[in-house]
Every structure is written in structure tokens, then in C-alpha cells.
Amino acid sequence: MARPVVRLGAPVLRVPARDVEAITPETTALIDEMIAAMYAERGIGLAAPQIGVSLRIFVIDLSSGRDASALKVCINPEWVEREGMQLEEEGCLSLPGFSATVARPARAAVRGLDRHGAPQTIEGTGLMARALQHEMDHLDGMVFVDRLRGISRTMILRKIKKLERDGTW
Ligand SMILES: [Zn+2]
């Protein structure tokens, strides 16, 4: 059984994650759990806080498990560049059932370590740039609704509050 993905309301989603100090067998096991959780939910990306661990690690697989070479793992990522702007519909495994049009960079690149500790750069346009910004936001304690303006943000947060009250979140 994959570890459950925590939902908005969990405090771990709202704090900046800590750097990974050393890549230990526990780190590798955590990464495997992240990948399993992402695939179990048919997601294309997941950050460690989403399974309750406040560390700066994300995984992205735009093929959602169909193409093994598409899997990216990044430890302690930092921005290299972000440019342009795209507007597309976006969701999040921690906000199941909700989506919104979110402004994201058209092109993005991050630098970090792979699961073996080797330096790497991950870059892309379109969906990859969007996924990079989405996962980097999670590592800073942000979710996609924080990128929305006024009414759409308020409406989503209000609906989630109601689900929480009803005990169905
Ligand atoms: Zn997310």
C-alpha cells in the first residue's frame, strides 16, 4: 500500500521544507515511497511534504509511469531560470476534485541532486515548466490556490472548509 497523500489542511503543506543533509538509505526509501504514492494516485508530480515529510525532494513523471525514462527525482532543487508565462488548467493530489487555471512560467529550469547525489539540471517548457513550478511551490509551503486571485481562491478554500466540516475531506 502506498503512503497516503495528505490534503490541504495538513500543517506540513504550509511550511517551507528543509534541505536534505545527506542521502541515506532512508532518503532513498522515502523517494521510492513518493514515486509509489504518485503512481498510485495517477499523478505526474509529488513533493515530499505531500506524504507528510518536510524535506526538499520532488518527483515528476509526465508519463505517469508509462515511460520509465520520464521519471525525474530532484533533491534540494534551486531555480536556475524561469521565463515567460502560460495559463493552463491545473490540479493537485492534495486538493482532489479541484482545479483552476493557474499562471506559470512557460520555460523553467532547476538544479539539484538526483537520487544518487549527482548534480543535475531539469528543464522544460509547457507541462514540465508547470510541474517544476508546482512542485517547487510545495517545497515552499504553497499550493496552486495561492496563485489564484480573489474569488476563485476564496471559492475553492470555502468548499474545502465545508468538506472538512462534513468529514468528507
Ligand atoms: Zn500539488
**Item:** Failed condition for Cys92, given (1) exposed (fewer than 14 other Cβ atoms within 10 Å of the Cβ); (2) hydrophobic (A, V, I, L, M, F, W, C); (3) within 14 Å of the chain's Cα centre (by Cα)
**Value:** (1)
**Message:** Contact list please: Cβ distance under 6 Å, first residue in region 133-148 and basic (Lys, Arg), second residue surrounded by 18 or more Cβ atoms within 10 Å (Cβ to Cβ), pairs at least six apart or on different chains.
**Reply:** Arg147/Val102
**Request:** Assess whether Arg153 counts as being modelled with pLDDT under 95, not polar (S, T, N, Q) and not in a strand (DSSP E or B).
**Result:** yes
**Prompt:** Out of (1) over 25 Å from Arg42 (Cβ atoms); (2) part of a helix (DSSP H, G or I), the odd one out for Arg111 is which?
**Reply:** (2)
**Request:** Select from region 2-28 the residues that are farther than 27 Å from Phe144 by Cβ and not in a loop (DSSP other than H, G, I, E, B) and write down the one among them that is nearest to the chain's Cα centre (by Cα).
**Result:** Thr28
**Asked** Given the conditions (1) buried (at least 16 other Cβ atoms within 10 Å of the Cβ); (2) among the basic types (Lys, Arg); (3) closer than 19 Å to Leu139 by Cβ; (4) away from the ligand (no atom under 15 Å from the Cβ), which single one is not true for Arg107?
**Response** (3)
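Being surrounded by 14 or more Cβ atoms within 10 Å (Cβ to Cβ), in a helix (DSSP H, G or I) and either touching an Asp or Glu at 6+ places or on another chain (Cβ under 8 Å) or β-branched (Val, Ile, Thr) (or both) narrows it down to one of Ile31, Ile60, Ile122, so name that one.
Result of the check over Ile31, Ile60, Ile122: Ile31.
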**Fill in**
Across region 34-92, the tally of residues that are more than 16 Å from the ligand (Cβ to nearest atom), farther than 26 Å from Ala22 by Cβ and of a type outside the set (Gly, Ala, Ser) stands at 8
**Message:** If Asp137 satisfies all but one of (1) in contact with a Pro (Cβ under 6 Å, 6 or more places away or on another chain); (2) not in a strand (DSSP E or B), what's the number of the condition it fails?
**Reply:** (1)
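Output the residues belonging to region 109-126 that are over 15 Å from Leu62 (Cα atoms) and touching a residue at least 24 places away in the same chain (Cβ under 8 Å).
Ala109, Val110, Arg111, Gly112, Leu113, Asp114, Arg115, His116, Gly117, Gln120, Thr121
The values are calculated or read from the model by the stated rules, or taken from the named source; none is laboratory data. Note that this is a predicted model, so its numbers are computed, not measured. Note that we place each Cβ from the backbone using ideal geometry, even for glycine, and neighbour counts take in every protein chain shown.
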